[in-house]
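J.: Please read through the structure below; I'll follow up with questions.
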Amino acid sequence: MSALPAVIDGRDKRKNPMNIFAQIRELITTTLDTMVQDGTLPDGLNFDPITAEPPRDAAHGDMATNAAMVLAKPAGMKPRDIADALAAKLTSDARITSAEVAGPGFLNLRLAPSVWQAVAKTVLDEGTAFGRGTVGNGLKVNVEYVSANPTGPLHVGHTRGAVFGDALASLLDFAGFDVTREYYINDGGAQVDVLARSVYLRYQEAHGQEVAFPDGTYPGDYLIEVGEALKAKVGDDYLDKGEQYWLEDVRTFATEKMMDLIRSDLKALGVEMDVFYSEKSLYGTGLIEAALKDLKDKGLIYEGVLEPPKGKKPEDWEPREQTLFRSTDHGDDVDRPVMKSDGGWTYFAPDIAYHYDKVQRGFDLLIDVFGADHGGYVKRMKAAVSALSDGKVPLDIKLTQLVKLFKNGEPFKMSKRAGTFVTLRDVVDQVGPDVTRFVMLTRKNDAMLDFDFDKVLEQSRENPVFYVQYAHARVASVLRKAADAGIATDDATLAAADLSLLDHDSELLLLRKLAEWPRLVETAARTNEPHRVAFYLYELAGDFHGLWNKGNEVTSLRFIQEGDPATSQAKIALARATAIVIAAGLGILGVNPAEEMR
RNA sequence: GGACCAUUAGCUCAGCUGGAUAGAGCGCUGCCCUCCGAAGGCAGAGGUCAGAGGUUCGAAUCCUCUAUGGUCCGCCA
């Protein structure tokens, strides 16, 4: 069910030279090749399902391969026989210190410490580019997110969508995709008329008039200054005039102001879009017509009458003939109207045109990030893109679930009507963009998220933001102290250190964790799940803190060894490599690494 | 009536697209800190992976059904 095309979802796990698991997997497959050549194994075996992964239980070794089990059946051999033969050959490689057959036919490998020690050098050589992947293969991907209506400031729900979409875009970029970040401005529908009328009321108010906000207008305070700005622009020209006189102007004016507001909200969160795409710009250009003609030419547009929705019966429901898109041909449950009975487009029509345009722009992959309340829209959108691209361009739609806000452990609700509206600004102003972003990424996008204003600022192990930042800050502290002690700690010097000195279990544990980074990036990118990065960083920080804490008792594990600059440099190299990977990971999440904690 | 998502330790959640004895934090139990790196550390208890079938060497993971919770379901965006 992967959203990725076969070219990138394929089994070529050998691509990233920095991925130690990919390296060993290649060693395994080439070894198997030689076994085919010398007749140990039959010809024509498929090596694709073979994996080289870290075992769950570290006691099983550094890496495990399922090769023997996967090949047993097609080769017509016993798993153990294959495993034994493979093990004998693998141990002749300098990197493999032992290969044991275990369980049903697993081959557990232990790697020489030098393999892990070399990881630190690689990290120092590559810097934050370590782990940059090639799975993306340079494919063009469009990530659309936020896309909030331009009728007010962004609220908490948008914040999660913004953070998720942005981190996903960065992750895909890091994994080697050519990413475009895009925001679709819904400025073509009735809601911008409502906005215009609401602004007009504030405009009247700015002229000293008494106004009331009827149902169906936006009473929010944020429009007061827009009304005043309108007054500053047009004076009293629009006063006491009919709607036909001012509506269009005010709509444009208000929409621009709202987009300014939204842009500044996004900026406060550190989100920068490549493209703002206006729904309005679709009208009058023939694009909607072209998109629908494309569907019509494929026989997917017809006039018809839909069944009434079951379960819930709208009182005024009556059968009407509409122009429908045969989305059921592409996996939807019912066909969807593209034109209202009065001849106007439905909301769906410009959406189709917008995605048609994305396909035309040559993207290889589309991703839409929606709020969970748009879940009902997923199938029809996928159907549309499938039809428009003849199934060639996959569309993955990621839904972000609700954010439940807490303060002092007490939930508080937000309601547009009551004016208790928690905005993106409220959140960012209180806890800062870094904490906001990290916390919002500590949950899968499709799981509900609890956000407690107090807990996210706590400085303890419970708080992953703090815990990860603290690890980075500790490294910075080590580097400062090393400098005071006159030890050279530039990355080039550290990379040249004698890393074979890093032979303690705790050090090797941390090195192994660092080695997982490239592989994690691939997985996270393939599944479109940036939260994996956040969890990895938490684990990495945990291993680092663990090593640090051991230094309390075992002084030989401390990063700075007095009077022994060579050993110090090796250990600092490990610390610095950890900081580099943390910085790279935080970079994907859009969080600044801390140099010190106060 | 239907669709989508969720259901894993007392609580909040991971679980690397099918691997071995299912993990983390909190909470709980026990131990450890005069100082040198404790805004802590070490150890332990705690599970029918919602339930029932199925697929296969092997399932928390894939398929079917059921239960519970959330979101949504014609001309609103």
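J.: Lys and Arg at +1, Asp and Glu at -1: add these up for the other residues within a Cβ distance under 13 Å of residue A:550 and post the number. Don't skip to the answer; put the middle values down first.
T.: Working: positive: A:558, A:571; negative: A:505, A:507, A:543, A:553.
Summing Lys and Arg as +1 and Asp and Glu as -1 gives -2.
J.: So, one more: If you plug each phi of region A:270-284 into the Karplus form 6.51 cos²θ - 1.76 cosθ + 1.60 with θ = phi - 60°, what whole-Hz ³J(HN,Hα) values come out, in order, with x for Gly and Pro?
T.: x, 9, 10, 8, 8, 9, 10, 10, 8, 4, 4, 5, 7, 6, x
J.: Classify chain A as rounded, prolate or oblate, taking a ≥ b ≥ c as the square roots of the eigenvalues of its Cα gyration tensor: rounded when a/c is under 1.5, otherwise prolate if a/b is larger than b/c and oblate if not.
T.: Details: a/c = 2.84, a/b = 1.54, b/c = 1.85.
Because a/c hits 1.5 or more and a/b fails to exceed b/c, chain A counts as oblate.
J.: Sort A:269-280, A:41-52, A:359-370 by the packing proxy (mean of other Cβ within 10 Å over each peptide's residues), most packed first.
T.: Working: A:269-280: 17.5, A:41-52: 14.8, A:359-370: 19.5.
The most tightly packed comes first, giving A:359-370, A:269-280, A:41-52.
J.: Hey, can you rank A:289-302, A:98-111, A:61-74 by average C-beta count inside 10 Å, highest first? Don't skip to the answer; put the middle values down first.
T.: Numbers: A:289-302: 15.7, A:98-111: 18.2, A:61-74: 21.0.
Ranked from most to least packed, the peptides come out as A:61-74, A:98-111, A:289-302.
J.: What does the convex hull of the alpha-carbon atoms of region A:428-527 project to on average, in nm²? Intermediate results must be reported in sequence, preceding the final value.
T.: Working: hull surface 38.0 nm².
In nm², the orientation-averaged hull projection of region A:428-527 is 9.5.
J.: Per DSSP H run of at least 4 residues, take -39500 (n - 2.57); add these up for chain A, divide by its residues and hand me the 222 nm value, nearest 500 deg cm²/dmol.
T.: Numbers: 18 runs with 280 residues, N = 598.
Mean residue ellipticity, 222 nm, calculated: -15500 deg cm²/dmol.
J.: Let me have the relative contact order for region A:464-589, percent, based on Cα pairs under 8 Å that are six or more residues apart.
T.: Values: 116 pairs, mean separation 50.7, N = 126.
Worked out over region A:464-589, it gives 40 percent.
J.: Return the loop-located GluC sites (Glu not before Pro) in region A:434-525 (DSSP other than H, G, I, E, B) with at most 10 other Cβ atoms within 10 Å of their own Cβ; answer none if there are none. Before the final figure, lay out each step's value.
T.: Values: sites: A:458, A:462, A:507, A:516, A:522; in loops: A:458, A:462.
Answer by residue number: A:462.
J.: Just reorder A:326, A:336, A:263 by solvent-accessible area, largest first, 1.4 Å probe, all chains present. If you can, show how the numbers build up before the last one.
T.: Values: A:326 75, A:336 40, A:263 105 Å².
Final ranking, largest accessible area leading: A:263, A:326, A:336.
J.: Output the 0 to 90 degree angle, nearest 10, between the alpha-carbon long axis of helix A:156-174 and the longest principal axis computed from the alpha carbons of chain A.
T.: 50 degrees
J.: Can you check what the net charge comes to around residue A:497, using other residues whose Cβ is under 15 Å from the Cβ of residue A:497 (Lys, Arg +1; Asp, Glu -1)? Spell out each step's value before the answer.
T.: Working: positive: A:121, A:571, A:576; negative: A:125, A:490, A:491, A:498, A:503, A:507, A:564.
Around residue A:497, the charge tally is -4.
J.: Now for a different question. Using only Cα atoms and rounding to the nearest 10 degrees, what angle (0 to 90) does helix A:378-388 make with the longest principal axis of chain A?
T.: With rounding to tens, the tilt is 90 degrees.
J.: Using alpha-carbon pairs under 8 Å, 6+ residues apart, how would you state the relative contact order of chain A in percent?
T.: On the way: 987 pairs, mean separation 98.4, N = 598.
Relative contact order, chain A: 16 percent.
J.: May I ask for the distance between the Cα centers of region A:199-225 and region A:16-68, given as a whole number of Å?
T.: A separation of 68 Å, based on Cα centres.
J.: Counting alpha carbon pairs within less than 8 Å and at least 6 residues apart, what relative contact order, in whole percent, applies to region A:6-111?
T.: Values: 146 pairs, mean separation 23.0, N = 106.
Value for region A:6-111: 22 percent.
J.: Sticking with this structure for a sec: Before I look further, what does chain A give for accessible area per residue, probe 1.4 Å, in whole square angstrom? Intermediate values should be presented prior to the final figure.
T.: Numbers: 27190 Å² over 598 residues.
Accessible surface, normalised per residue, equals 45 Å².
J.: Would you compute, for the Cα atoms of region A:464-589, the largest minus smallest coordinate along each principal axis and list the three values in descending order, in whole Å?
T.: 48, 29, 25
J.: Here is a follow-up. When the accessible area of region A:6-111 is split by element with a 1.4 Å probe, what percent falls to carbon and sulfur? Please list the in-between numbers first.
T.: On the way: 2620 of 5230 Å².
Answer for region A:6-111 is 50 percent, counting heavy atoms of protein chains only.
J.: When Lys and Arg each count +1 and Asp and Glu each count -1, what net charge do the other residues less than 12 Å away from residue A:433, Cβ to Cβ, add up to? Please report the intermediate quantities before stating the final value.
T.: On the way: positive: A:267, A:425, A:437; negative: A:166, A:265, A:429, A:434.
Around residue A:433, the charge tally is -1.
J.: Now for a separate question. On C-alpha positions alone, give me the angle between the axis of helix A:287-297 and the longest principal axis of chain A, in degrees, nearest 10.
T.: Helix A:287-297 and the main axis of chain A meet at about 70 degrees.
J.: Give me the count of lysine pairs in region A:190-269 whose alpha carbons sit under 18 angstrom apart, restricted to pairs 8 or more positions apart or on different chains.
T.: Numbers: A:231/A:241; A:231/A:257; A:233/A:241; A:233/A:257; A:257/A:267.
Close lysine pairs found across region A:190-269: 5.
J.: Per the 1.4 Å probe, what fraction of the accessible area of region A:196-296, in percent, lies on carbon and sulfur atoms?
T.: Working: 2600 of 5420 Å².
C and S atoms contribute 48 percent here.
J.: When the accessible area of region A:526-598 is split by element with a 1.4 Å probe, what percent falls to carbon and sulfur?
T.: Details: 1320 of 2940 Å².
Looking at region A:526-598 in its full context, I get 45 percent from C and S.
J.: Need one word for region A:6-111: rounded, prolate or oblate. Basis is the Cα gyration tensor (sqrt eigenvalues a ≥ b ≥ c); a/c below 1.5 gives rounded, then a/b vs b/c decides. Can you show the working numbers first?
T.: Numbers: a/c = 1.42, a/b = 1.05, b/c = 1.35.
Rounded.
J.: With a 1.4 Å probe and all protein chains in place, put A:345, A:517 in order of accessible area, largest first.
T.: Result, largest first: A:345, A:517.
J.: Using only protein heavy atoms and a 1.4 Å probe, report how much of residue A:155 is accessible, in Å² to the nearest 10.
T.: The accessible area comes out at roughly 40 Å².
J.: Once you place label points 7 Å from the Cα toward the Cβ at residue A:583 and residue A:430, how far apart are they in nm?
T.: With each label placed 7 Å out from Cα toward Cβ, I get 3.3 nm.
J.: Follow-up question, since we're still on this one. Subtracting the Cα-Cα distance from 0.36 nm times the residue separation, let me have the gained length for residue A:228 to residue A:100 in nm, one decimal. Working shown, then result.
T.: Working: separation 128, 0.36 × 128 = 46.08 nm, distance 7.67 nm.
Taking 0.36 nm per residue and subtracting the Cα distance, the gain is 38.4 nm.
The values are calculated or read from the model by the stated rules, or taken from the named source; none is laboratory data. All values reported here derive from a predicted model rather than from experimental measurement. We place every Cβ from the backbone using ideal geometry, glycine too, and count neighbours over all the protein chains shown. Calculation scope for accessible area: heavy atoms of the full protein, side chains included, ligands and nucleic acids excluded. Shrake-Rupley method; radii C 1.70, N 1.55, O 1.52, S 1.80 Å.
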